[in-house]
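First the structure, in the form of structure tokens, and then the observations on it.
The values are calculated or read from the model by the stated rules, or taken from the named source; none is laboratory data. Here the structure is a predicted model, which is why all the values come from computation and not from measurement. We place every Cβ from the backbone using ideal geometry, glycine too, and count neighbours over all the protein chains shown.
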Amino acid sequence: MAEGLELAVRINLAISMAILIVMVLRGPIRRFFGPRATYGLWLLAPVSALACLLPSLRSVPAGSPAIEPALWASALSLPAALMHPPLTPFLWGIWLAGAGLVATAFLTAQARFLRNARQGRAGPAIVGLLDPRLVLPADFTLRFSSEEQALIRAHEKAHLDRDDPRANGLLAAVQCLFWFNPLVHLASRLVRLDQEMACDAMVMARFPRARRQYARAMLKTQLSHDLLPAGCHWGGHPLEARILLLQAPALSRLRQATGAALVASLTLTCLATVWSLQSPRIEAPPTRAAPPPVMDLLIVPA
């Protein structure tokens with residue numbers, strides 16, 4: 001159990017560092033390479049967590065002291081003091097209780113949204129993990145013009161094409177697992193915003209002359225703020241940032257490709273860095289072959 005607690009601390013630290021890096025870079029990346037590259041930056045967090053699960057690249061002989069990298073050593077100093085056998089089950093109990101409370105809150109919010117959707121008082125949104133579907137409010141055709149309806153459907157289809165509902169479900173699961181980390185909850189809100197901006201950019205690339213109608217549709221949906229943990233909800237996101245994005249000029253293909261290449265290189269660099277900081281493996285001493293049996297020579301006189 002102590003090993004599992006130590007691994008959880010390592011993953012939490014790696015995710016936190018990745019979130020801080022993304023928070024610093026997301027503004028310049030969006031300005032120069034667009035919102036789709038900004039949304040791709042969030043891959044740094046799951047990739048960093050995955051790197052903590054990979055086998056270490058270094059090894060030390062059994063019996064020699066394993067020197068922890070300075071980054072891990074300082075972060076593990078407090079958990080190491082708590083990893084006594086009597087305290088470990090208590091810490092796991094606290095974590096399980098917190099995860100259960102957050103999961104219960106998310107499930108309650110999801111059930112409330114679905115109940116409102118059945119009554120025609122929710123949407124536009126994409127709901128469902130195994131079989132995502134489009135949910136529209138009962139007054140959809142009355143509230144929105146035909147052009148606005150087409151733009152909203154294109155936006156939600158962009159979510160479906162990228163499997164954003166499943167990504168948001170995974171994000172909610174991460175919030176449950178790391179409920180004690182405020183950076184994870186802050187990152188969740190930023191991920192949702194960057195996700196919506198990325199879809200906005202995809203729609204504007206298809207309908208470059210419909211910016212005014214698109215902004216009008218967003219204004220009409222800001223009245224709804226229902227929480228949808230596992231799904232993609234059109235409303236409830238900062239309107240000003242999304243309106244400003246609509247005013248930005250379209251990016252060239254070269255800048256978009258450069259942004260994608262930059263995000264990929266940053267992701268690989270983050271993976272390699274966290275992987276290289278793993279604790280060294282303990283190698284068992286080589287087993288020595290047993291010496292051949294010695295036979296005594298008995299000389300019998302004739």
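Residues of the range 13-63 that are assigned to a helix (DSSP H, G or I), surrounded by fewer than 15 Cβ atoms within 10 Å (Cβ to Cβ), more than 17 Å from the chain's Cα centre (by Cα) and touching a residue at least 12 places away in the same chain (Cβ under 8 Å): PHE32 alone. Can you tell me which residue is surrounded by the fewest Cβ atoms within 10 Å (Cβ to Cβ) among those in the range 175-204 that are within 13 Å of TRP42 (Cα to Cα) and without any contact (Cβ under 8 Å) to a residue 60 or more places away in the chain? Filtering the range 175-204 for residues that are within 13 Å of TRP42 (Cα to Cα) and without any contact (Cβ under 8 Å) to a residue 60 or more places away in the chain, the one surrounded by the fewest Cβ atoms within 10 Å (Cβ to Cβ) comes out as ARG189. Restricting attention to the range 116-136, the residues that are farther than 17 Å from HIS159 by Cβ, surrounded by 14 or more Cβ atoms within 10 Å (Cβ to Cβ) and without any contact (Cβ under 8 Å) to a residue 40 or more places away in the chain add up to 1.
To keep it simple, each residue is scored yes or no on (1) of a type in the set (Val, Ile, Thr); (2) modelled with pLDDT of 95 or more; (3) within 19 Å of the chain's Cα centre (by Cα); (4) surrounded by 15 or more Cβ atoms within 10 Å (Cβ to Cβ).
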position	(1), (2), (3), (4)
MET218	no, no, no, yes
LEU223	no, no, no, no
LEU245	no, no, no, yes
ARG253	no, no, no, no
THR267	yes, yes, yes, yes
TRP275	no, no, yes, yes
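Out of curiosity, is VAL102 at pLDDT below 90, of a type in the set (Val, Ile, Thr) and farther than 30 Å from THR258 by Cβ? Talk me through it step by step, then tell me what you get.
Numbers: at pLDDT below 90: no; of a type in the set (Val, Ile, Thr): yes; farther than 30 Å from THR258 by Cβ: yes.
In short, no.
Only a single criterion out of (1) over 25 Å from ALA201 (Cβ atoms); (2) more than 30 Å from the chain's Cα centre (by Cα) is not satisfied by SER146, namely (1).
When ARG209 is tested against the conditions (1) among the basic types (Lys, Arg); (2) at pLDDT 90 or above; (3) part of a helix (DSSP H, G or I), the lone failure is (3).
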